[in-house]
Amino acid sequence: MTQSPEIAQQALAYARHQAAKSLADLAALMERTGADCGRCLEGVSEAQASFSHGEEWSMKEVVGHMLVASLSINREIANLVEGRPVSQPGRTGLTAGGDRPIEELRLALADLWAETGGLVASLPKGGNLERTWDHPWFGPLNFKEWIAFQRLHAMDHVQQMERLREHTDYPEA
């Protein structure tokens, strides 16, 4: 996926705006993100969750990617805060999940957002914002910017799943 410079700058501005807020506000943002992801999958059947067209990922693959990427980001947020080394920057393109039942993926996604909210709530209020981890498009982000990025990433994929629902070949049930 190619990002236009304007969209990348808007996303970065959003992440920085959110990162200026308190950790309690960021934990609430993660809770809303989990609820938004959950609503997107409500009532989705196995056939609907497996549907894809062209080179688009299915909903199951999208959720699998979100799980892999977000768990990795959570680990790196903890590394930033704890002063531990962070991983080499890179993209997580993995889509693990296409072979898992949608109900299992729904539960794993709910667990992910509960874990993310718990992580954010547990972070020290005066955490070091000087330590960063590089994002492939946005460059170096501190731990609070990475938390806000989690919202951006999830909502981008929620929109991707909504586009699948709008496709003319999307299964009835």
If you take the Cα atoms of the chain, find Rg, then find the Kirkwood Rh from the mean of 1/r over all pairs, what is Rg/Rh? 0.98
Accessible surface of the chain, 1.4 Å probe, proportion on carbon and sulfur as whole %: 52
Using the Cα gyration tensor of the stretch 41-129, the equivalent ellipsoid's semi-axes, largest first and to the nearest Å, work out to 30, 16, 8
With R₀ set to 30 angstrom, the calculated FRET efficiency between the beta-carbons of residue 162 and residue 72, to the nearest 0.05, is 0.80
What trypsin sites (Lys or Arg not before Pro) in the stretch 49-130 are in a loop by DSSP, with at most 16 other Cβ atoms within 10 Å of the Cβ? 91, 125
Report residue 16's accessible area, 1.4 Å probe, all protein chains in place, as a number in Å² to the nearest 10. 120
Grab the Cα-Cα distance for residue 104 and residue 24, subtract it from 0.36 nm times how many residues apart they are, and report the gain in nm with one decimal. 25.9 nm
What GluC sites (Glu not before Pro) does the stretch 102-168 have in DSSP loop regions with at most 16 other beta carbons within 10 Å? 130
Point-to-point label distance, residue 155-residue 45, nm (Cα→Cβ direction, 7 Å offset): 3.2
Can you give the local net charge around residue 143? Use residues other than it whose beta-carbon is closer than 11 angstrom to its beta-carbon, Lys and Arg +1, Asp and Glu -1. -2
With each label point set 7 Å from Cα along the Cα-Cβ vector, what nm distance links residue 173 and residue 79? 4.6
Could you state the accessible area per residue of the chain in Å², with a 1.4 Å probe and every protein chain left in place? 52
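With n ≥ 4 as the cut-off for DSSP H runs, can you work out [θ] at 222 nm for the chain, using -39500 (n - 2.57) per run divided by the number of residues, rounded to the nearest 500?
It lands at -21000 deg cm²/dmol.
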Pairwise label distance in nanometres, residue 35 with residue 10, each label 7 Å out on the Cα-Cβ vector: 2.5
What lysines could a cross-link reach from residue 21, if we take a straight Cα to Cα line under 28 Å and drop same-chain neighbours fewer than 8 places away? 125, 144
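The values are calculated or read from the model by the stated rules, or taken from the named source; none is laboratory data. Keep in mind the model is a prediction, meaning the values are calculated, not measured. Cβ sites come from the backbone with ideal geometry, for glycine too, and all protein chains shown count toward neighbours. All accessible areas refer to the heavy atoms of the entire protein, side chains included, with ligands and DNA or RNA removed. Shrake-Rupley method; radii C 1.70, N 1.55, O 1.52, S 1.80 Å.
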